[in-house]
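The values are calculated or read from the model by the stated rules, or taken from the named source; none is laboratory data. All of these numbers come straight from a predicted model, not from anything done at the bench. A quick note on method: Cβ atoms are made from the backbone with ideal geometry, for glycine too, and the neighbour counts reach across all protein chains shown. Keep in mind that these areas ignore ligands, DNA and RNA; they rest on the heavy atoms of the full protein, side chains included. Shrake-Rupley method; radii C 1.70, N 1.55, O 1.52, S 1.80 Å.
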Amino acid sequence: MLILGGGSNLVFTTDYRGTVVSVATKGIKVTTDDSYYYVNVQAGELWHALVEFCLEHQINGLENMALIPGTVGAAPIQNIGAYGVEFNRFCHEIEVLLLDTNELQVFSNEQCQFGYRESIFKQQLKNLAVVTEVTLRLPKQWQPVLDYGPLQYMDPSTVSAQQIFDCVCQVRQSKLPDPKVLGNVGSFFKNPIILESEFMLLKQKFPSLVAFKQMDGQYKLAAGWLIDQAGLKGTRIGDAAVHQDQALVLVNLANATGEDICQLAHHIIDVVFNLFAVTLQVEPRIMGSDGEIEI
């Protein structure tokens with residue numbers, strides 16, 4: 001059995017032989033206390049629609065994560081994020097259905113064991129829990145996050161959440177192909193995180209290296225920059241290709257197969273490793289006939 005949200009983070013290599021359950025529950029409820037908004041959301045709501053809902057109700061904080069595809073129920077599994085903000089920043093509680101006991105259980109933020117594109121739902125509870133409900137906690141005293149990309153040029157003293165939302169949407173729409181027009185799963189590779197010593201060596205060899213220092217002293221590299229610098233934009237295997245405008249995105253030009261996509265991903269991983277000694281990891285789930293498989 002495959003539990004499916006929006007399906008935007010899956011790459012099928014063949015027909016799936018099992019039963020697919022699509023989570024389509026809807027509903028958003030807001031409560032408050034003196035300091036926070038608590039936004040309770042059913043798992044089948046679309047993530048971008050939730051971001052718009054919050055903006056319309058002057059509940060700020062999610063604007064950096066505009067236009068991320070998929071459903072709210074999938075957000076904690078992947079710990080989605082963009083432009084310096086990740087889901088766990090505002091996660092309060094996650095309600096899940098445990099498939100082995102058929103019981104509902106609530107997980108706190110800490111119990112979810114969030115990491116970069118990671119959570120307990122991708123590890124210990126993989127295939128054992130279905131997210132049914134998400135509760136976000138957003139502070140009434142909003143602080144803009146302007147650390148990434150064009151947001152760095154905004155004035156933190158005057159910028160509005162709507163302006164950040166508009167900027168993020170404009171950038172994403174200019175760089176990322178619309179999956180309704182050109183098949184893709186968005187960012188195909190995770191941004192690698194390396195030790196400071198590894199970063200210093202790479203920086204000496206590649207002075208224009210794009211990286212962001214993390215709270216623990218490690219550095220997050222821009223996977224798209226690595227792929228671009230390796231000269232892989234436009235690289236094609238069958239009808240699968242690296243997007244011409246955004247190296248982090250693999251696209252289906254016409255009739256690409258799942259095998260084409262996997263072969264292209266393997267090629268990219270090999271070329272980047274040979275050049276930078278950095279191993280790229282795939283972000284979407286790769287699906288075989290009986291379930292998830294390794295690329």
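For the chain, what is the number of Lys pairs with C-alpha distance below 15 angstrom, counting only pairs 8 or more positions apart or on separate chains?
Total qualifying Lys-Lys pairs in the chain comes to 5.
Can you tell me what percent of all Cα-Cα pairs in the range 121-211 are more than 15 Å apart?
The share of Cα pairs beyond 15 Å in the range 121-211 comes to 78 percent.
Grab the other residues whose beta carbon is less than 13 angstrom from that of residue 275, score K and R as +1, D and E as -1, and report the net.
Numbers: positive: 205; negative: 228, 270.
With Lys, Arg at +1 and Asp, Glu at -1, the neighbours total -1.
Would you work out the Kirkwood radius for the chain? I mean one over the mean of 1/r across all pairs of different Cα atoms, in Å.
20.3
What are the extents of the Cα atoms of the range 159-295 along their three principal axes, listed from largest to smallest and rounded to whole Å?
42, 42, 30 Å, listed from the longest principal axis down.
When only Cα pairs under 8 Å and 6 or more residues apart are kept, what is the percent relative contact order across the range 207-259?
23
Charges only on Cβ, +1 for Lys and Arg, -1 for Asp and Glu: so what's the dipole of the chain about the Cα centre, in debye to the nearest 20?
480
Using θ = phi - 60° and the Karplus curve 6.51 cos²θ - 1.76 cosθ + 1.60, what whole-Hz ³J(HN,Hα) does each residue of the range 70-78 get, with Gly and Pro shown as x?
Taking θ as phi minus 60°, the curve returns x, 9, 5, x, 7, 4, x, 4, 8 Hz for the range 70-78.
Binned at 10 Å from 0, what are the whole-percent values of the Cα-Cα distance distribution for the range 225-282, short to long?
27, 56, 16, 0
What dipole magnitude, in Debye to the nearest 20, does the range 1-151 give about its Cα centre under +1 on Lys/Arg Cβ and -1 on Asp/Glu Cβ?
280
Over the Cα atoms of the range 50-168, what radius of gyration and what Dmax do you get, in Å?
Final numbers for Rg and Dmax: 15.4, 51 Å.
Could you give the accessible area per residue of the range 185-274, probe 1.4 Å, as a whole number in Å²?
With all protein chains present, the range 185-274 gives 49 Å² per residue.
Sum -39500 (n - 2.57) across every DSSP H segment of at least 4 residues in the chain, then divide by the residue count to get the 222 nm mean residue ellipticity, nearest 500.
That comes out to -6500 deg cm²/dmol.
Out of 68, 276, 254, whose Cα points farthest toward the positive end of the dipole of the chain (charges: +1 Lys, Arg; -1 Asp, Glu; placed on Cβ)?
About the Cα centre, the residue reaching furthest to the positive side is 276.
Considering the alpha-carbon set of the range 108-163 alone, what are its Rg and its Dmax in angstrom?
For the range 108-163, the Cα-based Rg and Dmax read 16.5, 46 Å.
Over all distinct Cα pairs, what is the inverse of the mean 1/r for the range 1-87, reported as the Kirkwood hydrodynamic radius in Å?
Details: mean 1/r = 0.0704 Å⁻¹.
14.2 Å is the Kirkwood radius here.
Hey, any idea what % of the chain's accessible area is carbon plus sulfur with a 1.4 Å probe?
48
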